[in-house]
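J.: Structure incoming, see below.
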Amino acid sequence: MTALGKLFRSTTFQLSLVYLTVFALFAAFLLGYFAWNTRRLFTEQINATVEAEVNGLEEQYRQGGIRRLVQVIESRSKQPGSNLYLATTAAGEGLAGNVGFLPTGTLEKSGWSETEYRRLDEPAGPHLALIRVFQLPGGFRVLVGRDLEDREKVHNIVISAGRWSVALVVVLGLAGGLFVTRRVLRRVDAMTETTRTIVEGDLSRRLFVAGTGDELDRLAENLNAMLERIEALMKGLQEVSDNIAHDLKTPLTRLRNRAEEALRSANDETGYRAALERTIEESDALIRTFDALLMIARAESGHAREDIADFDAADVARGIAELYEPLAEEKGLALNVEAPGEILMRGKRELVSQALSNLVDNAIKYAVPDDAHGEITVSAQTEGERVLLAVADNGPGIPEADRARAVERFVRLERSRSQSGSGLGLSLASAVAHLHGGELLLSDNHPGLKAVIALPRGGPVQKRDDGQEVPGGRPSA
Amino acid sequence: MRLLIVEDDREAADYLIKAFREVGHMAEHAADGDDGLALAEDGRYDVLVVDRMLPKRDGLSMISTLRSQGVETPALILSALGQVDDRIKGLRAGGDDYLPKPYSFAELLARVEVLARRRGGKSEETTYRVADLELDRMSREVRRGKDKILLQPREFRLLEYLMKHAGQVVTRTMLLENVWDYHFDPQTNVIDVHISRLRSKIDKGFSQPLLHTVRGAGYMVRDSTR
């Protein structure tokens, strides 16, 4: 498509053309109407003047006969700028008047007509006149008329003004249309260019926002917000697939190696059985990792926001503590609960329980063995409009520099590489907190780690269609 | 026990049929939702094992159609979708239990046996007895022989569930779901510790153990002399 073709096919230009046509037609109509009306007005005035003359002349004739009429016509004809007069006998012989030439037969018809004439005192070219011919008793014919030159002049001025204004509308309209279209086209072209590079894979590019706040700017802003989200999702996806590649392939390789090893070296049933059992164990661990990953992905995408209900956060804390208490005791750790009463909040009880259980599981896992004073405290409390579910231990803790990284998927800090587990516990807790519109906070417990899931009591904030954020509503007490 | 396995993957279905036959159950196969519906309509099976995603008619629709026809055969849904929400949807459609894929056969077998036995209506009984162990659901008292055993509320519910299904294998997940009402995986096997606590209360000091560990599957309360 040529540049000009593109220009002509653009919506803006076509819109300009439509407006142009409408305005040109309007201008033409307006001036046409004006021209027609002025012409009518002139004609009416002339009619009235001629009518009055005719009445006057008839009166003169009645009073003084043909002589008086001829006298009056003679004197009136001589006045400058006078009307047209002509009186003849029945035979067509001129008696008086200032008309020198008339098309033949004009005087034969009585009544109104428009005709060409020439004045006696002004022989130049025929003019147009509106005349009335009437017959007097005795066969005399009288013509009274008025020159139409003024009317025609005005008419011509109006018509030419009409032509000019239509031409002006067309020229200005076309120029304006082209100007606006080119401006819009330039911006749209820039947008198209940018989107093309984005489509080709450069997700970091953003559309240009001119800052005028017009509809193109709004569109660009919305598209940019969309790109932002897509980029974040893509990045997340990229990370997940990298991590999957690493952390799922490693155990899969182990699994495969064991099976091969068993095939090669096991030579009795016990050997095979042991290898198979370990294979099943390994695959169970893989499935667990996979489930946790899916769960995190779902929580992060915000899909799991359906079925949100009221539940008692204090009860969740007590329940999880009760579930883990025997395990802690077996490891020689004291597990305390500080969750009195009832803390109603909106959210997903099951997911919050799972997140909290991951934190407790971690605390138990990383507590220093043989530490006589190992202690874990699970607590639930409110702080303003937030519910804080916390797990505090006095174990080794996480150095401040590592805390942000610890929440990332699959990150197992060096010291904990030897421990079993998918390394997804903290990231799952974090994803659940985000799903509820809250966050996971890691802090120093002097000594040890304090992990807090801070959730808004009203549940996740939901985006309404108009983009305003509204809280999910207070739990019913 | 007569089972109907509705599963479109031929290999998975064959594996299940073979495995169920090995433990003495009769299993038949339907490859899609319409076939499953046609076979199960007369209620001749004890348990239906239904894959959630099936050709022609999906598993949930098949089960809800059966329920609307008054067929109350217990149904277990197998699904690759393992999230809590999916589970709830499955149970709402009329499923009685929900097992995410991949599962162990021991888990499936334990759940299917519990479902089949449920028709017997043991839950109406107020007192469960296994050998000399007695659990009174009304007074919430537990006795072993003449000794009264003091249990924590959760331990009581754990024992209650195990005794309700006495003679049947109960898996760790089943306990977590039914006694604690949690449907997630707690990573470490917390249930084992609860069981060993319970065991120390009801079996310690008695010559005949009643709470058995079934290797690779779960636990069972059983009178081993009978």
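J.: State whether one or more residues within region A:166-175 are within 26 Å of A:G213 (Cβ to Cβ) and in contact with a helix residue (DSSP H, G or I) (Cβ under 8 Å, 6 or more places away or on another chain).
T.: no
J.: Moving on to the next point. Output the strands (runs of 3 or more DSSP E) that fall wholly within region B:34-134 and possess 1 or more residues being assigned by TED's automatic domain parsing to the domain that holds B:F184, or say none.
T.: Passing ranges, in order: B:127-130.
J.: Shifting gears a bit: Kindly evaluate B:D97 against the criterion of being at pLDDT 85 or above and touching a helix residue (DSSP H, G or I) at 6+ places or on another chain (Cβ under 8 Å). Give the steps one after another, and end with the answer.
T.: On the way: at pLDDT 85 or above: yes; touching a helix residue (DSSP H, G or I) at 6+ places or on another chain (Cβ under 8 Å): yes.
The answer is yes for B:D97.
J.: Quick one: count up the residues across region B:94-111 that are crowded, with 21+ Cβ neighbours inside 10 Å and small (G, A, S).
T.: Adding up the residues that qualify gives 2.
J.: Restricting to region B:1-33, what's the tally of residues that are among the basic types (K, R) and either under 19 Å from B:D97 (Cβ atoms) or outside the structural domain of B:Y98 (by TED's automatic domain parsing) (or both)?
T.: The qualifying residues number 1.
J.: Let me ask another. Of the residues that make up region A:116-135, is at least one touching a residue at least 40 places away in the same chain (Cβ under 8 Å), in contact with a helix residue (DSSP H, G or I) (Cβ under 6 Å, 6 or more places away or on another chain) and among the small types (G, A, S)?
T.: no
J.: Are any residues in region A:57-76 in contact with a strand residue (DSSP E or B) (Cβ under 9 Å, 6 or more places away or on another chain), without any contact (Cβ under 8 Å) to a residue 40 or more places away in the chain and either exposed (fewer than 15 other Cβ atoms within 10 Å of the Cβ) or of a type outside the set (V, I, T) (or both), and if so, which ones?
T.: Passing the criteria: A:Q71, A:E74, A:R76.
J.: Residues in region A:238-256: is at least one surrounded by 15 or more Cβ atoms within 10 Å (Cβ to Cβ), touching a helix residue (DSSP H, G or I) at 6+ places or on another chain (Cβ under 6 Å) and not in a loop (DSSP other than H, G, I, E, B)?
T.: Yes, the conditions are met somewhere in region A:238-256.
J.: Right, here's the next one. I'd like to check which strands (runs of 3 or more DSSP E) are fully inside region A:287-366 and have at least 2 residues that are out of contact with any helix residue (DSSP H, G or I) (no Cβ under 7 Å at 6 or more places or on another chain) and either surrounded by fewer than 19 Cβ atoms within 10 Å (Cβ to Cβ) or facing chain B (nearest Cβ under 7 Å) (or both).
T.: Values: elements: A:309-312, A:334-338, A:344-347.
It comes to A:309-312, A:334-338.
J.: Pairs under 9 Å by beta carbon, first residue surrounded by fewer than 16 Cβ atoms within 10 Å (Cβ to Cβ) in region B:51-66, partner among the polar types (S, T, N, Q), six or more apart or different chains?
T.: Correct list of pairs: B:M53/B:S79.
J.: Moving on. Just to verify a result, which residue in region B:126-138, among those that are free of Cβ contacts under 8 Å to residues at least 12 places away in the same chain and touching a Ser or Thr at 6+ places or on another chain (Cβ under 9 Å), is surrounded by the most Cβ atoms within 10 Å (Cβ to Cβ)?
T.: Result: B:E134.
J.: For region B:161-218, give me the residue count where each residue is closer than 22 Å to A:R318 by Cβ, over 15 Å from the mean Cα position of the chain (by Cα) and at pLDDT below 85.
T.: Residues in region B:161-218 being closer than 22 Å to A:R318 by Cβ, over 15 Å from the mean Cα position of the chain (by Cα) and at pLDDT below 85: 6 in total.
J.: Also, quick follow-up: Across region A:255-303, what is the total count of residues that are out of contact with any Leu (no Cβ under 6 Å at 6 or more places or on another chain) and within 25 Å of B:D85 (Cβ to Cβ)?
T.: Within region A:255-303, residues that are out of contact with any Leu (no Cβ under 6 Å at 6 or more places or on another chain) and within 25 Å of B:D85 (Cβ to Cβ) number 17.
J.: Output the residues belonging to region A:419-477 that are within 21 Å of A:A314 (Cβ to Cβ), of a type in the set (A, V, I, L, M) and modelled with pLDDT of 55 or more.
T.: If the condition is that a residue be within 21 Å of A:A314 (Cβ to Cβ), of a type in the set (A, V, I, L, M) and modelled with pLDDT of 55 or more, then A:A429, A:V432, A:A433, A:L435, A:L440, A:L441, A:A451, A:V452, A:I453, A:A454, A:L455 are the ones that fit.
J.: Restricted to region A:371-404, and to residues that are at pLDDT below 70 and not in a helix (DSSP H, G or I), which residue is surrounded by the fewest Cβ atoms within 10 Å (Cβ to Cβ)?
T.: Once the filter is applied, the top-ranked residue is A:A372.
The values are calculated or read from the model by the stated rules, or taken from the named source; none is laboratory data. Quick caveat, the model's predicted, so the values are computed rather than measured. So basically every Cβ, Gly included, is an ideal-geometry build from the backbone, and we count neighbours across all protein chains shown.
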